[in-house]
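Asker: Before we start, here is the structure in question, set down as structure tokens.
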Amino acid sequence: PPMGHDRAFSTLHLPPGQRVARWTEAASDRFVESRFKVQDPDRFVASMLHRDLAELSVTRITSVGHGFKHITRSQRQVARAHEDFFLVSVQLEGSCWIAQGGRETRLAPGQFAIYDTRRPYELLLEEDYQQAVLRIPCATLKARAPDCDAQTAQAIAAASNSARRLIHQVREACRGT
């Protein structure tokens, strides 16, 4: 059964004209400031369920009807930020294109990628999707994976050893959801 400290946000009951703005606010509060552009804002419905753990947080995102969704984090947003996080997107359904630091990759279900919120990045989601997104302090991830800077915006298969370790940690973290 879900535990009491899970929190949820959904655009479902909002007027269509407010959905993108409110989602942008909620996602920026949850992760880092970023810009969302949605092709079909009137049909866009998205939800997130999040849980904070000791040092990291896990958020499950479901998004439908957007046509395509383009998420950008600009150099200006990075410059005024105080956060020091890596984000890890685990693709559960649909696909996601991620670009950062001259690298780009496309995630299929069962793959994940790391990106650094201290540098600009771009995500493109061209279909309905589900993702689990981990927010991990940079120091925490670097202590466990010293080469993580060199691994941003690269698709890692869920069957790889590093993926199995990560997925095990996520499952442990999500126990009871």
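The values are calculated or read from the model by the stated rules, or taken from the named source; none is laboratory data. Model, not experiment: these values are computed from the prediction. Every residue, glycine as well, gets a Cβ built from its backbone with ideal geometry; the counts of neighbours run over all protein chains shown. Only protein heavy atoms, including side chains, enter the accessible area calculation; ligands, DNA and RNA are left aside. Shrake-Rupley method; radii C 1.70, N 1.55, O 1.52, S 1.80 Å.
Asker: Within segment 56-100, how many residues are of a type in the set (Phe, Trp, Tyr) and closer than 13 Å to residue 119 by Cα? Write out each step before concluding.
Answerer: So the first thing to find is which residues in segment 56-100 are of a type in the set (Phe, Trp, Tyr), and the list is 68, 85-86, 97.
Still in the list and also closer than 13 Å to residue 119 by Cα: 85-86.
Adding up the residues that qualify gives 2.
Asker: Sort out which residues of segment 116-138 are in contact (Cβ under 8 Å) with a residue 60 or more places away in the chain and either out of contact with any helix residue (DSSP H, G or I) (no Cβ under 7 Å at 6 or more places or on another chain) or open to solvent by less than 10 Å² (accessible area, probe 1.4 Å) (or both), and write them in order of number. Give the steps one after another, and end with the answer.
Answerer: In the first step, residues of segment 116-138 are kept if they are in contact (Cβ under 8 Å) with a residue 60 or more places away in the chain; the result is 117, 125, 128-137.
Across segment 116-138, the qualifying residues are 117, 125, 128, 129, 130, 131, 133, 134, 135, 136, 137.
Asker: Looking at segment 62-77, I want the residues that are at pLDDT below 95 and have a partner that is part of a loop (DSSP other than H, G, I, E, B) and basic (Lys, Arg) with Cβ atoms under 6 Å, at least 6 apart or on another chain. Which pairs are those?
Answerer: Going by the 6 Å Cβ cut-off, the qualifying pairs are 65/43.
Asker: While we're on this one: Just to check your reading of the model, which residue among 127, 104 is part of a loop (DSSP other than H, G, I, E, B), more than 14 Å from the chain's Cα centre (by Cα) and more than 22 Å from residue 164 (Cα to Cα)?
Answerer: Numbers: 104 fails: part of a loop (DSSP other than H, G, I, E, B).
It is 127.
Asker: Looking at segment 43-61, which of the residues that are modelled with pLDDT of 90 or more and part of a loop (DSSP other than H, G, I, E, B) is farthest from residue 9 (Cα to Cα)?
Answerer: Step by step, filter segment 43-61, then rank; the result is 43.
Asker: If only one of 86, 44, 9 is of a type in the set (Phe, Trp, Tyr), open to solvent by 30 Å² or more (accessible area, probe 1.4 Å) and touching a helix residue (DSSP H, G or I) at 6+ places or on another chain (Cβ under 8 Å), which one is it? Even if it seems obvious, please write down each step before you answer.
Answerer: Details: 86 fails: open to solvent by 30 Å² or more (accessible area, probe 1.4 Å); 44 fails: open to solvent by 30 Å² or more (accessible area, probe 1.4 Å).
So the residue among 86, 44, 9 that is of a type in the set (Phe, Trp, Tyr), open to solvent by 30 Å² or more (accessible area, probe 1.4 Å) and touching a helix residue (DSSP H, G or I) at 6+ places or on another chain (Cβ under 8 Å) is 9.
Asker: Follow-up. Whether any residue in segment 6-19 is assigned to a helix (DSSP H, G or I) and under 21 Å from residue 115 (Cβ atoms) is what I want to check.
Answerer: So the first thing to find is which residues in segment 6-19 are assigned to a helix (DSSP H, G or I), and the list is 16-19.
Still in the running and under 21 Å from residue 115 (Cβ atoms): none.
So far as segment 6-19 goes, no, none of its residues is assigned to a helix (DSSP H, G or I) and under 21 Å from residue 115 (Cβ atoms).
Asker: Further question: Whether any residue in segment 91-102 is open to solvent by 10 Å² or more (accessible area, probe 1.4 Å) and either more than 27 Å from residue 159 (Cα to Cα) or touching a helix residue (DSSP H, G or I) at 6+ places or on another chain (Cβ under 6 Å) (or both) is what I want to check. Outline the logic, then answer.
Answerer: Narrowing segment 91-102 to residues open to solvent by 10 Å² or more (accessible area, probe 1.4 Å): 92-95, 97, 99, 101-102.
Narrowing further to those that are either more than 27 Å from residue 159 (Cα to Cα) or touching a helix residue (DSSP H, G or I) at 6+ places or on another chain (Cβ under 6 Å) (or both): none.
Looking through segment 91-102, none of the residues is open to solvent by 10 Å² or more (accessible area, probe 1.4 Å) and either more than 27 Å from residue 159 (Cα to Cα) or touching a helix residue (DSSP H, G or I) at 6+ places or on another chain (Cβ under 6 Å) (or both).
Asker: Could you grab me the full set of residues in segment 66-76 that are open to solvent by 20 Å² or more (accessible area, probe 1.4 Å) and over 22 Å from residue 12 (Cα atoms)?
Answerer: Hits for segment 66-76 are 72, 74, 75, 76.
Asker: Residues being basic (Lys, Arg), surrounded by 15 or more Cβ atoms within 10 Å (Cβ to Cβ) and under 19 Å from residue 126 (Cβ atoms): count how many of those fall in segment 12-41. Break it down stepwise before answering.
Answerer: Applying the first criterion (basic (Lys, Arg)) to segment 12-41 yields 19, 22, 30, 35, 37.
Applying the additional criterion that residues be surrounded by 15 or more Cβ atoms within 10 Å (Cβ to Cβ) yields 19, 22, 30.
Then drop every residue that is not under 19 Å from residue 126 (Cβ atoms), which leaves 19.
Total satisfying the criteria: 1.
Asker: Which pairs turn up if I take residues in segment 36-49 that are closer than 19 Å to residue 72 by Cα and among the aliphatic types (A, V, I, L, M) and look for partners that are part of a strand (DSSP E or B) and open to solvent by less than 50 Å² (accessible area, probe 1.4 Å) with beta carbon separation below 7 Å, at least 6 apart in sequence or on another chain?
Answerer: That search, which allows pairs on different chains as well, returns 38/69; 46/61; 46/62; 46/63; 48/9; 48/59; 48/61.
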